[in-house]
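Single-structure report; data block below.
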Amino acid sequence: AGMMDCKKALGETDGDVEAAVDWLRKKGLSAAAKKSGRVAADGLIGVAVDGTKGAILEVNAETDFVGRNENFQGFVGAATGLALGVDGDLEALKTVDMPGEGRTVADQVTHLIATIGENMQLRRSEGLSVSKGVVASYVHSAVKPGMGKIGVLVALEADGDAAKLTELG
């Protein structure tokens, strides 16, 4: 939260730090609710691949500026890794705990809305897996490895050389 918001929270709670934290949390949730009606059509995709399985996640925001924000990029990267663990199931992903945050993925989105100041949403997620072969990925306009504007996952099920299959993918 900003310094002036913290000052106002302390003023509203007569200097009680714990109550001020609760006041700021409630203010952040109401700010996120106000922003939920705004169109979020920009953002980033993230891809995560681990041998024979992969996941792709689209996280939208209102502007492309958010896509350059390190907090947003960190969230997309972490959430994509978690999406891999739930086979790309978006509803399951929303309930997974964010490591080190003490909140779920869905709650972390709400926290980011309050912190960054734009509407954001987990738009879609998919997972691919093969019993033998590889899952390969491609990211176009990458801002970081495994993260960009457009992404593709390809599953190749075969007995062939994994390195050659990955190159083909």
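The values are calculated or read from the model by the stated rules, or taken from the named source; none is laboratory data. In this text, all values refer to a predicted model and were calculated from it rather than measured experimentally. Neighbour counts are summed over all protein chains in view; Cβ atoms, including those assigned to glycine, are modelled from backbone coordinates with ideal geometry. The protein model used for the area step is the full one, side chains on, heavy atoms only, and it has no ligands, DNA or RNA in it. Shrake-Rupley method; radii C 1.70, N 1.55, O 1.52, S 1.80 Å.
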Taking the stretch 86-122 and keeping residues over 19 Å from Lys26 (Cα atoms) and part of a helix (DSSP H, G or I) leaves Leu90, Glu91, Ala92, Leu93, Lys94, Thr95
Identify, from the list Gln121, Gln108, the residue that is at pLDDT below 95 and open to solvent by 70 Å² or more (accessible area, probe 1.4 Å). Gln121
Given (1) open to solvent by 50 Å² or more (accessible area, probe 1.4 Å); (2) of a type outside the set (D, E, K, R); (3) farther than 15 Å from Gly148 by Cβ, Val49 misses just (3)
Can you pull out the residues in the stretch 88-105 that are out of contact with any helix residue (DSSP H, G or I) (no Cβ under 6 Å at 6 or more places or on another chain), free of Cβ contacts under 8 Å to residues at least 40 places away in the same chain and buried (at least 16 other Cβ atoms within 10 Å of the Cβ)? Asp89, Leu90
Out of curiosity, is Ile150 within 23 Å of Lys53 (Cβ to Cβ) and open to solvent by 30 Å² or more (accessible area, probe 1.4 Å)? yes
Among the residues of the stretch 127-144, are any open to solvent by 20 Å² or more (accessible area, probe 1.4 Å), among the hydroxyl-bearing types (Ser, Thr, Tyr) and closer than 18 Å to Ala92 by Cβ? yes
Answer with yes or no whether Leu122 is under 11 Å from the mean Cα position of the chain (by Cα), touching a residue at least 60 places away in the same chain (Cβ under 8 Å) and closer than 12 Å to Gly43 by Cβ. yes
In the stretch 159-169, which residues are farther than 11 Å from Val135 by Cα and touching a residue at least 24 places away in the same chain (Cβ under 8 Å)? Asp159, Gly160
